[in-house]
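To keep things clear, I will list the structure first and then write my remarks on it.
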Amino acid sequence: MSTIRRFRAMDMLRFNNVNLDRYTETYDLGFYLKYMASWPALFTVAEAPSGSLMGYNMGKVEGKGELWHGHVTALTVAPDCRRLGLARGLMRGLEDASEKIHDCYFVDL
Amino acid sequence: MEYRQLRPIYDALEGSDPQRALKECDKLLRKHPNHPSARAIKAYVLTQTGRTEEALALSLSVLETPTAMASAHAQQGLTLAFRALGRPHEEIMVYTAALAHTPNDETLHCKVFKAAARNRIFKEQHQAAVQLNKLFDNPKYIWWLVVSLLLQARDSPKNAAAQVQLKLAERLVEKAVADGNLKSVEELRVYLDILDVQDKREQMVEVMDVNGQLAALIANDPDLVTQRIELLIKTQAYGKAVEAAIAALKARDNWADYKLYIEAVIASVDPAAAGASVSTICAHLEAWAADRDRARSAKLAQVALATRMFESGFGDAAGLPELLIWGFIDQFQEKAICYTDIMQFIIAHHKAAGKYDAQAAVIDYHWAQLEKRMPAARESAGQSDGEAQAWVNLEKVRYLMQALRGETDPSAWLADIEVLLNFGLTSKPARKKQPACSDMTLLACQRIIQAAFLAYGAMSARAQLHSALFKALCVLESGIRLNEGNFMLKLYAIRLYLYLSCYERARAIYDSLSIKHVQQETLGHMILGHGMMLGCFAADMELCYDGVAFYDRFRSKMPRDIESVYDQETYSNIQDFIEFQRNLDCSVQHECTHRYALRGEGFEYGSAKEMVARWEEADTRSIEHTEESLGALHDNRDISVMGLLTPKDLAQWDLELLTRPVPMPGHEWIQAFSLVPQIMHHMVCAEIELLQAKSSELAAIVDKHDNALPRSDLILIRGIVDMVALYIQATDQQHAVDVQLDKLVEGISANLPEDQFDSLFVLSSDGIRNLSAASELFTYALVLKHALSAQHLPAANAVGHALSQQRKRALKSVNALRGWTDKCTRSLVSDQWLADGDDAFAGVARFVCDSQKQTVLAVTKACSTSWLRSVKNVLMQWEQCSS
């Protein structure tokens, strides 16, 4: 349960509770901005009722012809927000956007 | 032919060898002095070698050459030069000059547009978009024009032209819709933005009609679905908002839609029949709560609805908030997020109860519920991580209740602390490294810290406070040993180590968190500047340079990201990117990082000539601030990451605030440390009037805001004000400088260590900070002496002599401190910080000494080593400084 919405640039100033987890990489700013600029519908964030960020999903589309597909670049959930089905919800969003907006054939990792 | 001539220059640039590139440029220019491309590229190369004034002069000269811009190489060289020089208007002039040769070059027109867009020169951006639309038939350029109009209007909303621009943008979009040229969600979002800026909400609702032309675009975008519901509420179409919310919630489980559903219902409640007004939403929430996949959202929505109804004066029409709160906790307490979810509603309900004088009753109710559940929760915690998490959540609620009822008795905060510690650190689940145990350890630490500040918050009890915080540190480090991945334990450990003046270990933990890139903006404040305060100048400078490099990279790359939004046609990002750019460009942490870097560079020792030259050449113009520019700074420092369990407005229970080692730098600090380099510059350049003005400004900051500045920085700042007074007196050669010199020397002496040391408090409190400040002040005083000598002022001798004596005294006392720190501090930790007393912390001391011996030894060593490192660094500083 959360609000799943598009990731905004200003969210980068609020994602420490997700990114301080040792298995989550913090990329260069340009990496996040490139994904927002190129594939905004595939870069989503889950926000808790308290307003804190719970996790996010970065995706893109690539390939040609029947290999045109969505790709999961990064998917992460804050340690205290795990085991809630959040990653499943974020992935569902990415699959929907890949299919309905980008007309992809499949999604891969 | 031209490329062949230029190739050696390009090869040198590709090899990152600007010096060689410069040589190749000069070689070509000797043969062909007016070669426009060689001159243009030379201008760029000069920017890469730091010769910016020459670069600018050459660039402007090439720009004025009529035929130069016919060459693509010259265009490229010159645009790169102007970009490096930060001259966007001139960059645009390069393209417009090139267009005089090839007026229908679409690429060039696009370059004009993008140069204006990435530099936020909206007027030029608009003009370029108009040209693109006039000359080329590409629907994309219509949207570039529309967005340009919108940005221009937003940038100057009070400007009379803004309304005209918005109307024109609206008309262009309406035409695009009519022609079938509005095809993407991004274009739709631009349309909605234009209407939103004009407050045309009814029209927005029409555009977003579910049966309208653009319905398919909206249905595929969850954000727009939610935005539509919001709009319906704003236009008071509550019935439609409710319908839309229900439809959205049937399709997906989205908290924002629940909130809007509740808002729409509350706005349309009939006070005479409140129960009936909420019967439908209650039935919906009940039905959704029965669905396992969405139970959490629906149950929390029930709590939210009941709380809002209570706040709005409709009593328990949607249920009793306190009952529903405990219903939620009972069902979801095994999830780590449970407390974070429910905390805001417990606080809101408690606050609303204040209207009816019922806050105490609410707390009593919650307390009774806790007492009913706690024994069983503790009993079953060992059975699974879920059961353990349930206990942790109940303990967090207990913590909140104690804060809300204003509990100030430290022993109440430490009741059962050993039970929590045992579970977190020594139990079977702890040995299995269950996540809930780590959470319990953190909670126990938070209690110890809270109790410590309540018991020993007064200045006279600081030594006991440090003893209590040391015990908390032992618990934190034990927790970290068991679970290296728990970053909250590490954040608290960083704070407490710095509180006890232990930089080295704090820095090691900070480094283990791999904080980088944008996190330097949001988390850099945890460590940056503390090194300088604690004698570890070089370590801090490393971080400063990383930070400066981050901001420089951001500044040079962000404009490209803004440009790419136009290429990708994802226009909804533009306003967001611009806001982000403004935030990072003008942020408190950005300014602090630069000030610390300047401060660290000022502290570097060198010969007399070098030290004076450093301040003569310092660029002090770019760091001048006005009240307006300070007020425009954004504060992006993340303090919420410390996971507070209590509301922000309860300062006495705000652990983030309590554990700050020194006040966080704010506007006053930035202004003070902008003035210090300016003062040093004016002093070495003998600019007396400016010096007096800046010194008065600095003195005024100290007089008005001394609570906002760390004590050690106040020592430095007051010392610099005294230094200026001495310098001005010295320039009037009729009068002696004895009084001012004594004051300056006293300002340094008073902060050197005393002769006898018998307490750890000497080190853990302000001792090292004050000593570092005294060392820093001495370095500035040396510059004063060198400036007096260079300006042939007779006072130079007296100042030099006094500083020389001061240095001898300092070397002696700091050396003594170093020896004592090395020999005595470890045993003193046992004697002074771990001995069983009869205070409330005895239980904690017993626990750590009995079951965490290795950690206690490690923490003792970490503190002792950190202090020794700090003192040694300061000693080295004094050894290097010689007048």
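The values are calculated or read from the model by the stated rules, or taken from the named source; none is laboratory data. The model shown is predicted, which means the values in this text are computed figures rather than measured ones. Methodologically, a virtual Cβ is constructed for each residue, glycine included, from the backbone with ideal geometry; neighbour enumeration extends over all protein chains shown.
Against the numbered list (1) of a type outside the set (G, A, S); (2) more than 8 Å from chain A (Cβ to nearest Cβ); (3) under 18 Å from A:L29 (Cβ atoms), B:E569 comes up short only at (3). Between A:A78, A:A87, A:A74, the distinction of being within 12 Å of another protein chain (Cβ to nearest Cβ) and either of a type in the set (K, R) or on the phi < 0 side of the Ramachandran plot (or both) belongs to A:A78 only. Applying the criterion of at least 1 residues that are over 36 Å from the mean Cα position of the chain (by Cα), more than 26 Å from B:R711 (Cβ to Cβ) and of a type in the set (S, T, N, Q) to the helices (runs of 4 or more DSSP H) found wholly in segment B:753-865 leaves B:767-790, B:795-828, B:842-851. Selection of first residues in segment A:16-41 that are in contact (Cβ under 8 Å) with a residue 40 or more places away in the chain and of second residues that are assigned to a helix (DSSP H, G or I) and of a type in the set (F, W, Y), restricted to Cβ pairs under 9 Å at least 6 apart or on distinct chains, gives the following pairs, ordered by first then second residue: A:N17/B:F487; A:D21/B:F487.
What residue, among those in segment B:289-305 that are among the aliphatic types (A, V, I, L, M) and part of a helix (DSSP H, G or I), is surrounded by the most Cβ atoms within 10 Å (Cβ to Cβ)?
Going through segment B:289-305, the residues among the aliphatic types (A, V, I, L, M) turn out to be B:289-290, B:295, B:298, B:300-301, B:303-305.
With part of a helix (DSSP H, G or I) added as a condition, the list becomes B:289, B:295, B:298, B:300-301, B:303-305.
Numbers: B:A289: 20, B:A295: 17, B:A298: 20, B:L300: 25, B:A301: 26, B:V303: 29, B:A304: 25, B:L305: 25.
Looking at the filtered set, the residue picked out is B:V303.
Where helices (runs of 4 or more DSSP H) sit wholly within segment B:30-111, those with at least 1 residues that are in contact (Cβ under 8 Å) with a residue 12 or more places away in the chain and charged (D, E, K, R) occupy B:36-48, B:88-99.
Okay, residues lined up against (1) under 30 Å from B:R711 (Cβ atoms); (2) within 14 Å of another protein chain (Cβ to nearest Cβ); (3) in contact with a Pro (Cβ under 9 Å, 6 or more places away or on another chain):
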position	(1), (2), (3)
B:G406	yes, no, no
B:S411	no, no, no
B:A415	no, no, no
B:L421	no, no, no
B:S427	no, no, no
B:D439	no, yes, no
B:L443	no, yes, no
B:I448	yes, no, no
B:R462	yes, no, no
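Restricting attention to segment B:498-548 and to residues that are farther than 22 Å from A:N16 by Cα and among the small types (G, A, S), the residue that is farthest from the other protein chains (Cβ to nearest Cβ) turns out to be B:G535. Summed over segment B:235-266, residues that are more than 14 Å from chain A (Cβ to nearest Cβ), within 27 Å of A:F43 (Cβ to Cβ) and surrounded by fewer than 22 Cβ atoms within 10 Å (Cβ to Cβ) total 2. Of all residue pairs spaced 6 or more apart or on separate chains, none has beta-carbon atoms under 6 Å together with a first member in segment B:168-187 that is touching a residue at least 60 places away in the same chain (Cβ under 8 Å) and surrounded by fewer than 19 Cβ atoms within 10 Å (Cβ to Cβ) and a second member that is of a type in the set (D, E, K, R) and part of a helix (DSSP H, G or I). Taken together, B:A301, B:A244 contain a single residue that is over 30 Å from B:R405 (Cα atoms) and in contact with a Lys or Arg (Cβ under 9 Å, 6 or more places away or on another chain), which is B:A244.
If we keep just the residues of segment A:27-45 that are among the aliphatic types (A, V, I, L, M) and within 9 Å of chain B (Cβ to nearest Cβ), which is surrounded by the most Cβ atoms within 10 Å (Cβ to Cβ)?
Pass one, segment A:27-45, residues among the aliphatic types (A, V, I, L, M): A:29, A:33, A:36-37, A:41-42, A:45.
Applying the additional criterion that residues be within 9 Å of chain B (Cβ to nearest Cβ) yields A:29, A:33, A:36-37, A:41.
Numbers: A:L29: 21, A:L33: 24, A:M36: 28, A:A37: 25, A:A41: 23.
For segment A:27-45, the residue satisfying everything is A:M36.
Taking segment A:37-66 as the range and being touching a Gly at 6+ places or on another chain (Cβ under 8 Å) and not charged (D, E, K, R) as the test, the residues that pass are A:W39, A:L42, A:F43, A:T44, A:V45, A:A46, A:N57, A:G59, A:V61.
Can we say A:L53 is hydrophobic (A, V, I, L, M, F, W, C), closer than 16 Å to B:D341 by Cβ, modelled with pLDDT of 95 or more and in contact with a helix residue (DSSP H, G or I) (Cβ under 9 Å, 6 or more places away or on another chain)?
Values: hydrophobic (A, V, I, L, M, F, W, C): yes; closer than 16 Å to B:D341 by Cβ: yes; modelled with pLDDT of 95 or more: yes; in contact with a helix residue (DSSP H, G or I) (Cβ under 9 Å, 6 or more places away or on another chain): yes.
Taking the combined requirement at face value, the residue satisfies it.
In segment B:322-430, which helices (runs of 4 or more DSSP H) lie fully inside it and hold 2 or more residues that are touching a residue at least 40 places away in the same chain (Cβ under 8 Å) and aliphatic (A, V, I, L, M)? Lay out the reasoning, then the answer.
Numbers: elements: B:338-353, B:359-380, B:385-404, B:410-413, B:417-421.
Answer list for segment B:322-430: B:338-353, B:359-380, B:385-404, B:417-421.
Counting only residues that are at negative phi, of a type outside the set (S, T, N, Q) and not in a helix (DSSP H, G or I), segment B:306-321 holds 5 of them.
Among the listed residues A:T26, A:T76, which satisfies the condition of being among the hydroxyl-bearing types (S, T, Y), assigned to a strand (DSSP E or B) and under 24 Å from B:K490 (Cα atoms)?
Residue meeting the stated conditions: A:T76.
Which one is farthest from the chain's Cα centre (by Cα), of the residues in segment B:211-233 that are assigned to a helix (DSSP H, G or I), within 10 Å of chain A (Cβ to nearest Cβ) and at pLDDT below 90? By that ranking, first place goes to B:A216.
Could we say that B:F345 is crowded, with 20+ Cβ neighbours inside 10 Å, more than 21 Å from A:R83 (Cβ to Cβ), within 14 Å of chain A (Cβ to nearest Cβ) and of a type in the set (F, W, Y) here? When the stated conditions are applied, B:F345 passes them. Once segment A:5-18 is narrowed to residues that are within 7 Å of chain B (Cβ to nearest Cβ) and part of a helix (DSSP H, G or I), the residue that is surrounded by the fewest Cβ atoms within 10 Å (Cβ to Cβ) is A:M10.
Looking only at segment B:169-207, count every residue that is on the phi > 0 side of the Ramachandran plot and within 14 Å of chain A (Cβ to nearest Cβ) and tell me the total. So that I can check it myself, show each step before the final result.
Initially, segment B:169-207 is screened for residues on the phi > 0 side of the Ramachandran plot, giving B:180, B:199.
Those still in the list that are within 14 Å of chain A (Cβ to nearest Cβ) too: none.
Of the residues in segment B:169-207, 0 are on the phi > 0 side of the Ramachandran plot and within 14 Å of chain A (Cβ to nearest Cβ).
Picking from residues in segment A:90-101 that are more than 7 Å from chain B (Cβ to nearest Cβ) and free of Cβ contacts under 8 Å to residues at least 60 places away in the same chain, the one that is nearest to B:N254 (Cα to Cα) is A:R92. One residue stands out in segment B:122-149 among those that are among the aromatic types (F, W, Y) and within 38 Å of the chain's Cα centre (by Cα): the one that is nearest to B:M93 (Cα to Cα), namely B:F122. Only one entry in B:L691, B:L645 is buried (at least 21 other Cβ atoms within 10 Å of the Cβ) and in a loop (DSSP other than H, G, I, E, B), namely B:L645.
Note on segment B:542-568: residues that are without any contact (Cβ under 8 Å) to a residue 40 or more places away in the chain and in contact with a His (Cβ under 7 Å, 6 or more places away or on another chain) total 1.
Checking the stated criteria, A:V61 turns out not to satisfy the condition of being part of a strand (DSSP E or B), aliphatic (A, V, I, L, M) and either facing chain B (nearest Cβ under 10 Å) or within 12 Å of the chain's Cα centre (by Cα) (or both).
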